[in-house]
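Chemist: Below is a structure I'd like to ask you about.
We did not get these values from a lab; they are worked out from the coordinates using the rules stated. The structure presented is a predicted model; accordingly, all values stated were derived computationally and were not measured. Neighbour counts are summed over all protein chains in view; Cβ atoms, including those assigned to glycine, are modelled from backbone coordinates with ideal geometry.
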Amino acid sequence: MRRNTRIWNGLAAPGAAWLLTFFAVPFYAVACVAFGSIDPVFRDAIPQWNPLQWDFAQAQDVLASALNGPLRGVFIRTFIFVIAAMMICFLIGFPIAYFLARHAGKRRLLLLTLIIMPFWVNYLMRMLSWVNLLSPSGLFSRFMSNFGIDYNWLDGSPITVVLGLVYGYVPFLILPLYATLERMDWRLVEAARDLGASSRQAFRLVTVPTAKAGVAAAAILIALPMFGDYYTNDLLSRSPKTEMLGNQIDFYINNSSQPQRGAILVMMLSVLLLIALSWYLRSTARVGKEQVR
Amino acid sequence: MLRRDFLRNLVITTGGLVVAPTLLSACGGTSKTSSGGLVIGTPSAPVTLPLSGEAIADGLPEESGTIEILNWADYTNPEVIADFEKLFGITVKQSIYDNEDAAIAKLRNGTLQPDLIIGMTDTALARLVAADLLQPLNKTYIDNFGNLLTGLQDPYYDGGSQYTVAQFIYGNGIGYRTDKIDSADLIAQGYDSMWNPAYKGRLAVPDSYRDAISLALFQAGVTDVNTTDAATITAAQENLIRLRDATQPKVDILSYQEIPAGNRDIAYMWSGDILIAPWNLPEGTSTDVLGFWYPEQTITANDFLCIPKESKAPVLAHRFINYLLDNDVALKNQSYVGYQPALTAVNAEALISSGAIPESLVDAVVDAERYASGQRLVSLSPETDALWNDVWATFTAG
């Protein structure tokens with residue numbers, strides 16, 4: 001028995017090594033950069049590998065800015081954009097995933113492929129296509145002007161950035177949702193209906209709670225990259241009105257002599273996302289327990 | 001696509017990675033030490049850089065095989081490269097860089113080992129020299145050196161052009177649509193035009209913190225674009241925020257496309273960008289719709305060509321520098337890149353008569369006098385640079 005346990009523990013070793021090499025060590029390196037200094041000549045970050053000598057002065061500045069300074073607005077805006085984009089993604093993605101899992105029958109794989117197919121095209125190419133379509137002389141803008149809607153979509157509009165995020169990430173929401181709904185035991189819904197629940201009640205009281213883990217997984221899956229996204233805003237807006245956290249990180253790391261600040265923002269974002277991830281793990285564990293019961 | 005455009009797009013195509021080369025370069029490699037400090041020249045205090053090593057001997061034969069060039073994307077006309085390949089029977093291989101600091105980090109740790117570097121600026125030169133990465137030039141191979149503008153034969157950042165040869169020059173100014181903004185009105189407004197709420201939503205500033213903050217300084221009558229004074233820098237921040245609130249600007253480097261496309265009316269931009277704008281006009285649109293106001297007080301700048309110490313084809317590298325300084329080759333190169341070669345003969349008259357630029361943009365041409373009278377952006381100390389960074393981060397935070 002003890003031998004078996006060792007074998008199972010051994011099987012976890014590659015995963016643990018992977019996590020250590022590609023998450024723990026890089027994350028520690030980011031922390032060492034965040035609390036390190038810069039080379040006064042070459043402006044490279046000089047990581048401080050000894051935690052006892054970490055310098056928290058820059059972190060205090062960034063934290064103060066995030067709480068009461070210019071970064072506060074960026075944090076709030078980023079959260080609003082991501083939450084709005086997630087909600088729209090769910091409004092679009094859930095019915096699609098539900099239809100595919102419940103009603104598409106033999107055509108479900110074909111339909112799933114057709115839905116996902118546009119997203120085989122590189123993200124950058126798709127966004128650049130939208131830039132062309134949405135420009136004042138673009139096809140979409142000209143089409144909308146036929147209905148009296150003359151809106152400059154690329155004029156630093158928050159709506160455009162949120163819709164860009166939705167367009168970019170919605171397939172990553174549909175797939176895990178579909179996977180969850182597809183393997184759901186639909187007899188539970190039938191049982192609820194047999195017991196007198198309306199279709200709406202069955203959906204609310206059976207389908208949604210059962211799909212909760214998949215919903216959380218899908219939400220996390222799209223929220224993580226959206227929080228760090230800067231290129232959607234870069235392409236569709238590039239206005240201070242729509243500046244996101246990823247844009248500030250990009251500036252500090254790629255174009256300033258304060259890469260530590262970029263690293264600190266990366267860490268702050270990671271901590272926030274870690275909290276969200278913990279919530280996901282707790283909620284999936286709870287759902288698992290409830291299903292076992 | 002301009003090099004700055006490429007810079008932007010390459011950053012985008014990295015897919016949102018937050019641990020960028022600057023961060024990664026901090027985590028390893030065999031970088032040389034940063035001791036020795038920086039020797040930074042300014043127009044008022046020119047420097048002769050310390051010589052390290054010797055230039056190649058006179059009269060050596062050209063190497064055969066391949067010459068590797070480190071260049072910005074689309075920053076040399078492919079036809080010019082092909083002609084050079086034919087002339088010497090060799091192959092030119094290009095590596096692309098999108099950020100001077102990242103490129104220097106890669107040169108220091110040996111990731112990049114080019115034979116010739118194209119397009120770096122004086123803010124990078126001090127670091128290239130401090131890292132002992134460059135070899136002195138032997139000008140006996142560069143017969144066309146005399147074609148350069150006089151002021152650039154002995155530049156303030158590299159007295160005697162010991163390590164570098166200037167390539168392109170430009171100045172900052174305001175590009176605009178003459179069919180939307182009256183030229184006389186624009187000139188009367190000067191820098192104030194960038195704060196004019198009448199242009200709200202139709203205006204842009206460059207995504208370059210040194211250039212954009214300098215705009216705020218110039219508008220307030222400050223000409224020291226390398227100021228270390230915290231109060232002046234704070235005032236510039238407030239001025240930039242006023243601009244932001246009044247005009248809701250776009251912050252990008254796409255004005256060379258967006259102005260001719262009619263998507264914006266006015267932008268603070270590099271003169272080289274407006275020179276390339278006519279190629280982006282919709283078919284049938286007259287080039288007269290493009291205008292450029294060249295301010296009396298503004299920034300002028302140039303980039304240069306240099307040869308790494310470890311170049312395996314130094315003779316060919318010298319030959320290529322010489323080739324790019326040929327007046328006809330430079331004109332051909334300009335016709336693709338857009339930026340103006342730093343050569344005396346490639347002046348406004350030559351550019352207009354060759355059809356490279358329309359007459360309406362003659363004001364965007366930088367001559368020797370303009371170049372000499374312009375302000376130069378030089379490297380700031382890390383402490384001062386941090387202040388400038390904060391201004392930019394606050395401005396872009398919205």
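Chemist: Counting only C-alpha contacts under 8 Å and six or more residues apart, can you give the relative contact order of chain B as a whole percent?
Modeler: Worked out over chain B, it gives 25 percent.
Chemist: Then there is this: How long is the gain from A:Tyr151 to A:Phe23 if the chain were fully straight, where each residue apart is worth 0.36 nm and the alpha carbon distance is subtracted?
Modeler: Result: 41.7 nm gained on full extension.
Chemist: Checking the cross-link filter: which lysines have an alpha carbon closer than 24 Å to that of A:Lys212, excluding same-chain neighbours under 8 positions apart?
Modeler: A:Lys289
Chemist: Still on this structure, please answer the following. How large is log10 of I(q)/I(0) for segment B:137-188 at q = 0.17, 0.29 Å⁻¹ when the intensity is taken from the Debye formula with one equal scatterer per alpha-carbon?
Modeler: Values, matching the q order: -0.61, -1.20.
Chemist: Another question, then. Under 12 Å from the 7 Å Cα→Cβ point of B:Glu79, by amide nitrogen: which residues of segment B:334-366?
Modeler: Under 12 Å, as judged by backbone N against the label point of B:Glu79, lie B:334-337, B:356 of segment B:334-366.
Chemist: In nm, to one decimal, how far is the A:Ala16 label point from the A:Ile275 one, both placed 7 Å along Cα→Cβ?
Modeler: In this crude spin-label approximation the distance works out to 3.1 nm.
Chemist: On to the next question. Quick check on my link table: of B:Lys86/B:Lys139; A:Lys241/B:Lys180; B:Lys309/B:Lys332; B:Lys106/B:Lys200; A:Lys241/B:Lys93, which ones sit more than 32 Å apart, alpha carbon to alpha carbon?
Modeler: B:Lys106/B:Lys200; A:Lys241/B:Lys93
Chemist: Within 10 Å of each Cβ of A:226-238, how many other protein chain Cβ atoms are there on average?
Modeler: Taking the mean over all residues of the peptide, I get 3.
Chemist: Okay, moving on. Mind telling me which of B:Gly59, B:Gly201, B:Gly262 comes out most flexible in a GNM of chain B, alpha-carbon contacts under 10 Å?
Modeler: Looking only at B:Gly59, B:Gly201, B:Gly262, the largest GNM fluctuation is found for B:Gly59.
Chemist: Here's another thing I want to ask about it. Run the dipole for the protein assembly as shown about the Cα centre, Lys and Arg Cβ at +1, Asp and Glu Cβ at -1, nothing else charged, and hand back the magnitude in debye, nearest 20.
Modeler: For this selection, approximately 4780 debye.
Chemist: Next question, about the same structure. Report the dimensions of chain B along its three principal axes from the alpha-carbon atoms, largest first, rounded to Å.
Modeler: Here the spans come out as 62, 48, 43 Å, largest first.
Chemist: Starting from a Cα-only point model with no solvent, please compute log10 I(q)/I(0) by Debye for chain A at q = 0.13, 0.16 1/Å.
Modeler: At q = 0.13, 0.16 Å⁻¹ the computed log10 ratios are -1.11, -1.32.
Chemist: Tell me, what is a quarter of the convex hull surface for the C-alpha atoms of segment B:205-272, in nm² with one decimal?
Modeler: If you wrap the Cα atoms of segment B:205-272 in a convex hull and average its projections, you get 4.7 nm².
Chemist: Here's another thing I want to ask about it. Counting C-alpha atoms alone, how compact is segment A:1-55: give Rg to one decimal and Dmax as a whole number, in angstrom.
Modeler: Computed over the Cα atoms of segment A:1-55, radius of gyration and Dmax are 17.8, 60 Å.
Chemist: Cα atoms only, segment B:41-85: Rg and Dmax in Å?
Modeler: When restricted to Cα atoms, segment B:41-85 yields Rg and Dmax of 16.7, 44 Å.
Chemist: Additional query: Over the Cα atoms of segment B:187-333, each weighted equally, I'd like the Debye log10 I(q)/I(0) at q = 0.17 Å⁻¹, rounded to two decimals.
Modeler: Once normalised to I(0) and log-transformed, intensities are -0.99.
Chemist: Does a label point 7 Å from the Cα of B:Asp185, set along Cα-to-beta-carbon, have any residues of segment B:267-288 with amide nitrogen under 19 Å, and which are they?
Modeler: Flagged as within label range: B:267-268, B:288.
Chemist: With +1 on the Cβ of every Lys and Arg and -1 on the Cβ of every Asp and Glu, and nothing else charged, how large is the dipole of chain B about its Cα centre, in debye rounded to the nearest 20?
Modeler: 820 debye
Chemist: Then there's this: For the protein assembly as shown, what is the Kirkwood hydrodynamic radius in Å, using each pair of distinct C-alpha atoms?
Modeler: 27.9 Å
Chemist: Follow-up question, since we're still on this one. Would you mind pulling out the separation of the Cα centroids of segment B:285-324 and segment A:123-163, in Å?
Modeler: Result: 36 Å between the Cα centres.
Chemist: Pick out which of A:Tyr151, A:Tyr98, A:Tyr252 has the largest mean-square fluctuation in a Gaussian network model of chain A, springs linking Cα atoms closer than 10 Å.
Modeler: A:Tyr151
Chemist: Could you identify which residue out of A:Glu182, A:Glu190, A:Glu243 has the top mean-square fluctuation in a GNM of chain A using Cα springs shorter than 10 Å?
Modeler: A:Glu190
Chemist: Is there a simple number for the mean count of other chain Cβ atoms within 10 Å of the Cβ of residues in A:154-163, and what is it?
Modeler: Mean partner-chain Cβ count within 10 Å for A:154-163: 2.
Chemist: Sticking with this one: Remind me, relative contact order of chain A in percent, using alpha carbon pairs under 8 angstrom and six or more residues apart?
Modeler: 24 percent.
Chemist: For chain A, what does the helix formula give at 222 nm: sum of -39500 (n - 2.57) over DSSP H segments with n ≥ 4, over the residue count, nearest 500 deg cm²/dmol?
Modeler: Calculated from helices alone, the mean residue ellipticity at 222 nm is -22500 deg cm²/dmol.
Chemist: Something else: Provide a whole-number value for the mean count of partner chain Cβ atoms within 10 Å of the Cβ atoms in peptide A:42-53.
Modeler: Other-chain Cβ atoms within 10 Å of each residue's Cβ, averaged: 4.
Chemist: A follow-up question, please. Using 7 Å Cα-to-Cβ label points, what is the B:Asp363/A:Trp120 separation (nm, one decimal)?
Modeler: 5.3 nm
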